[in-house]
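The values are calculated or read from the model by the stated rules, or taken from the named source; none is laboratory data. Worth saying up front: this structure is predicted, and the values here are computed from it rather than measured. Counting neighbours? That spans all protein chains shown, and the Cβs are built from the backbone with ideal geometry, glycine included.
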Amino acid sequence: SILLSAERRIEAFETIDNALAMKSWYRPAVQMRARILHMLGRVDEAIEFLTQGLEYIQSSPMVMQLMTLKREVDDHAGMELLADRFDQLAVAAGETERLWIMARRADLLALRGNFAKAADFADKVPGEYYEGLSRRMRLPGVMNVRKRLPTEFVLQKHNTCAPATLAAIAMFWKRPITMEQIVDAICYDGTYDHNERIWAHENGFAAREFTVTLEAARHIIDTGMPFVLHTVEIGSGHSQAVVGYDLLRETL
C-alpha cells in the first residue's frame, strides 16, 4: 500500500508476489495482486487470477471484487454463478452486502432482458436510483438501448484526472500521447480547464463546451466520439471520460 501511494506500482506488484511465495493464496495478498494488475491495465489477468483464487479460498469479498472487475469490462459470463457463490459464502454479511448483491442481480437480469424479474430485485434496494429503474423496467414494451465505445483505461496519478482523461481520448483517436506528457505540458497541482482547451487545440483537436444532458451525450456517443465531463465543486473538480450510455438506467 505504501508503494502504491508513491506510484511505485511495479515494486508493489513484486512485493505482493514475494508475500504469496511465503504463503500461497494468502487472501489479502490475492486481492491486492488483482487490484495492482487492474491498475497496470492487465484486467484480463486480474479476472483470471481471482477466478483461480476462488478455487482455493472461500471469500465473499473476493467474489465482490471479481464481479466488479468483470462488470467494468462488460464481461458478464458466469456472473449469475458468482452471485450464487456470494450468497453461499456471505453467511455473516451485513445489510450493505445483502443490498449490494440484490443490486447486482437486478443489473444482471436487466442486461439479459429479463426486466420483470430484474424489477423484483430492484424493489428490494432502497434509494431513488433503483426505484426509478424498477419503475421503468415495468413499463409496457420496455427495452434497452446501451452503447459503449472501445476505449482504454488510463489510471490517473495524484491530481492528474484531466491528463488521464485527455490521454484516454487521444488513445481512442490513435494519437500516442501519454498522460505524463500532458502532465508536463499543462499541470501544476491540478489542471486549469483553459489549459486543457489550449492543449487540445495545439494538438490537433477541436474543443467545444456544452452542458451535458442524456440527449446530448447520446447524440455525441452515437457519432462515435467519447468526450470529457467536468464535475466541479467549490474547492475541487474532476474530469472523466464519457464513453457510453444506458437509456434504461438513464446513466452515462
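Residues are listed down the side, and each one gets a yes or a no for (1) under 23 Å from Y129 (Cα atoms); (2) buried (at least 16 other Cβ atoms within 10 Å of the Cβ); (3) modelled with pLDDT of 95 or more:
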| residue | (1), (2), (3) |
| --- | --- |
| V183 | no, yes, no |
| N203 | no, no, no |
| F210 | no, no, no |
| A217 | yes, yes, yes |
| D222 | no, no, yes |
| V228 | no, yes, no |
| T231 | yes, no, no |
| V242 | yes, yes, yes |
| E250 | yes, no, no |
* To do: Look through the stretch 165-181, keep the residues that are free of Cβ contacts under 8 Å to residues at least 24 places away in the same chain and farther than 15 Å from G224 by Cβ, and return whichever of them is surrounded by the fewest Cβ atoms within 10 Å (Cβ to Cβ).
  => P176
* Grab the helices (runs of 4 or more DSSP H) fully contained in the stretch 3-63, keeping just those with 2 or more residues being acidic (D, E), under 22 Å from the mean Cα position of the chain (by Cα) and surrounded by 13 or more Cβ atoms within 10 Å (Cβ to Cβ). => 43-53
* Identify all residues within the stretch 99-120 that are part of a helix (DSSP H, G or I) and loosely packed, with under 14 Cβ neighbours inside 10 Å; write none if there are none. => R112, A116
* To do: Give the residues of the stretch 213-238 that are farther than 22 Å from I182 by Cβ, free of Cβ contacts under 8 Å to residues at least 40 places away in the same chain and assigned to a loop (DSSP other than H, G, I, E, B), sorted by residue number.
  => T213, T223, E233, I234, G235
* Taking into account only those residues within the stretch 132-149 that are more than 13 Å from A122 (Cβ to Cβ) and touching a Lys or Arg at 6+ places or on another chain (Cβ under 9 Å), which is surrounded by the fewest Cβ atoms within 10 Å (Cβ to Cβ)? -> V145
* Is the stretch 186-193 home to any residue that is closer than 21 Å to A6 by Cβ, touching a residue at least 60 places away in the same chain (Cβ under 8 Å), surrounded by fewer than 14 Cβ atoms within 10 Å (Cβ to Cβ) and not basic (K, R)? -> no
* Residue list for the stretch 64-82, restricted to those being in a helix (DSSP H, G or I) and within 19 Å of the chain's Cα centre (by Cα) -> M64, Q65, L66, M67, T68, L69, K70, R71, E72, M79, L82
* To do: Taking only the stretch 207-239 into account, find how many residues are touching a helix residue (DSSP H, G or I) at 6+ places or on another chain (Cβ under 7 Å) and within 15 Å of T191 (Cβ to Cβ).
  => 5
* Asked: How many residues does the stretch 20-49 hold that are modelled with pLDDT of 95 or more and of a type in the set (G, A, S)?
  -> 4
